[in-house]
Amino acid sequence: MMMDIASGPFVAALARAGGFAFTAPLLGEPTTPLRARLVFTVAVAFAVGAAAPAHELSSVIALVPLELAAGALAGITARLVLDRVAAGAQLIGLHLGLGFAADYDVRAGESASAARRVLSALAGLAFLGAGGLEAGVRCVATPLSATSVHHLNDALALGTSVMTHAIAFAAPVLIAATIINVGLAVINRAAPALNVFSVSLTVVLLGGGLVLLGSVPAVGSSIDGTARAAVDSLAGWGTR
């Protein structure tokens, strides 16, 4: 009987931590070893279960699917915020003409440009540095009663706003690439013999690259702000 009461909080925390570990940024990436996820899940479950009020195991078993879903939803919420950087970086790569150089990215599960891979990695590191894992542990420790439908609504809202933020993130390069392409079209119209489109890829890549280089401070600030927004989405879990 005492064993059932002691194991109840651990089982609930194990389900919540498992859901978070398999969907959260960094932890939920396919490249993260399964052993690392299991170590995180068990360690957090022990810590949270030891501090949680005692419950009988029989009363917790029925709530395991809900605990698992709550943990997964917390991880998905943070991932959707960081996806703004990934989607914006993909737009940058495509508008710079780097689509032909895209490789299959195991982390993304699809073709991804070099810009997307680099900026997504930076966003993940910024999330880690801003305390993302610590905020995730606090989500695991949040009682299930504090998780309500509004968390699902928040996740849906974040999912529908990813492209809006991605376009804002990539705006300087998108505008520069558009202006360069329009300029090349005008030149080609005025002087068809020049055949400017034979060098359009190089011109767009150089022009967009210079704009991207000049906007590095803004890009870094945007990545840091996005990472902190992802952490804030976890920090506010169960408090609204």
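The values are calculated or read from the model by the stated rules, or taken from the named source; none is laboratory data. These numbers were taken from a predicted model, which means no experiment stands behind them. Glycine also receives a Cβ, built like all others from the backbone with ideal geometry; neighbour counts cover every protein chain displayed.
Would you point out which residue out of Leu68, Leu128, Leu122, Leu94 is modelled with pLDDT of 85 or more and farther than 16 Å from Asp224 by Cα?
Details: Leu128 fails: farther than 16 Å from Asp224 by Cα; Leu122 fails: farther than 16 Å from Asp224 by Cα; Leu94 fails: modelled with pLDDT of 85 or more.
Step by step, each of Leu68, Leu128, Leu122, Leu94 is checked, and only Leu68 is modelled with pLDDT of 85 or more and farther than 16 Å from Asp224 by Cα.
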Exercise for the section: Could you look through region 188-215, keep only residues that are surrounded by 15 or more Cβ atoms within 10 Å (Cβ to Cβ) and among the β-branched types (Val, Ile, Thr), and pick out the one that is nearest to Gly93 (Cα to Cα)? Expected result: Val204
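For (1) surrounded by 12 or more Cβ atoms within 10 Å (Cβ to Cβ); (2) under 30 Å from Gly208 (Cα atoms); (3) touching a Pro at 6+ places or on another chain (Cβ under 7 Å); (4) modelled with pLDDT under 85, each residue gets a yes or a no:
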{"position": "Glu134", "(1), (2), (3), (4)": "yes, no, no, no"}
{"position": "Arg138", "(1), (2), (3), (4)": "yes, no, no, no"}
{"position": "Ala141", "(1), (2), (3), (4)": "yes, no, no, yes"}
{"position": "Ser145", "(1), (2), (3), (4)": "no, no, no, yes"}
{"position": "His151", "(1), (2), (3), (4)": "yes, no, no, yes"}
{"position": "Ala155", "(1), (2), (3), (4)": "yes, no, no, yes"}
{"position": "Ala168", "(1), (2), (3), (4)": "yes, yes, no, no"}
{"position": "Ala171", "(1), (2), (3), (4)": "yes, yes, no, no"}
{"position": "Ile175", "(1), (2), (3), (4)": "yes, yes, no, no"}
Exercise for the section: Kindly indicate whether any position in region 216-224 is at pLDDT below 85, of a type in the set (Gly, Ala, Ser) and surrounded by fewer than 12 Cβ atoms within 10 Å (Cβ to Cβ). Expected result: no
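Residues are listed down the side, and each one gets a yes or a no for (1) outside any helix (DSSP H, G or I); (2) touching a residue at least 24 places away in the same chain (Cβ under 8 Å); (3) among the acidic types (Asp, Glu):
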{"site": "Leu156", "(1), (2), (3)": "no, no, no"}
{"site": "Leu174", "(1), (2), (3)": "no, yes, no"}
{"site": "Ala185", "(1), (2), (3)": "no, no, no"}
{"site": "Phe197", "(1), (2), (3)": "no, no, no"}
{"site": "Gly209", "(1), (2), (3)": "no, yes, no"}
{"site": "Pro217", "(1), (2), (3)": "no, no, no"}
{"site": "Asp224", "(1), (2), (3)": "no, yes, yes"}
{"site": "Ala227", "(1), (2), (3)": "no, yes, no"}
Handout entry: Residues of region 219-233 satisfying the condition of being under 12 Å from Gly88 (Cβ atoms) and more than 12 Å from the chain's Cα centre (by Cα)
Key = Val219, Ser222
Exercise for the section: From (1) within 27 Å of Leu14 (Cα to Cα); (2) at pLDDT 85 or above, pick out the condition that doesn't hold for Arg84. Expected result: (1)
